[in-house]
Amino acid sequence: MRLLVVEDEKKVASFIQKGLTEEGYAVDVAHDGQTGLEMAGDGIHDLIVLDIQLPKMDGLEVLRELRRRK
C-alpha cells in the first residue's frame with residue numbers, strides 16, 4: 001500500500017513517515033498543498049494523510065480540488 005503524507009511541519013512529517021514505513025507502507029511526503037495536490041494527481045496512492053493548515057494551498061482546497069477532478 002502506498003501512502004501520501006501532506007504535512008508542512010517537517011519533524012511531524014518525518015515522524016509519521018518513519019512510523020508508517022516501519023509498519024510496511026511505502027510513504028511519500030509533500031510539505032505544501034500545491035505539491036501534495038500534484039503528487040495526489042498521479043493516482044498512485046491508496047491513502048492520503050492531509051493536514052488542513054498548509055502553505056500555498058490549504059488542505060481543504062486540496063481536498064476540494066481532488067474531489068472535483070474525480
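The values are calculated or read from the model by the stated rules, or taken from the named source; none is laboratory data. Since we're looking at a predicted model, the values are computed, not measured. All Cβ positions, glycine included, derive from the backbone under ideal geometry; neighbour counts span all protein chains shown. Ligands, DNA and RNA are stripped out before the accessible areas are found, and what is left, the full protein with its side chains, is counted by its heavy atoms. Shrake-Rupley method; radii C 1.70, N 1.55, O 1.52, S 1.80 Å.
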How about region 29-49: which of its residues are part of a strand (DSSP E or B) and open to solvent by 50 Å² or more (accessible area, probe 1.4 Å)?
L47, I48, V49
Give all pairs with beta carbons closer than 8 Å in which a residue from region 4-18 that is farther than 12 Å from L37 by Cα and in contact (Cβ under 8 Å) with a residue 24 or more places away in the chain meets a residue that is among the charged types (D, E, K, R) and assigned to a helix (DSSP H, G or I); count only pairs at least 6 apart in sequence or on separate chains.
none
Within region 14-29, residues being of a type in the set (D, E) and closer than 12 Å to L4 by Cα number 1
Give region 50-63 a look and list any residue that's over 15 Å from E9 (Cβ atoms), open to solvent by less than 50 Å² (accessible area, probe 1.4 Å) and not in a loop (DSSP other than H, G, I, E, B), or say none.
V62
If E23 satisfies every condition in (1) open to solvent by 50 Å² or more (accessible area, probe 1.4 Å); (2) within 12 Å of the chain's Cα centre (by Cα); (3) of a type in the set (D, E, K, R) but one, which is the exception?
(2)
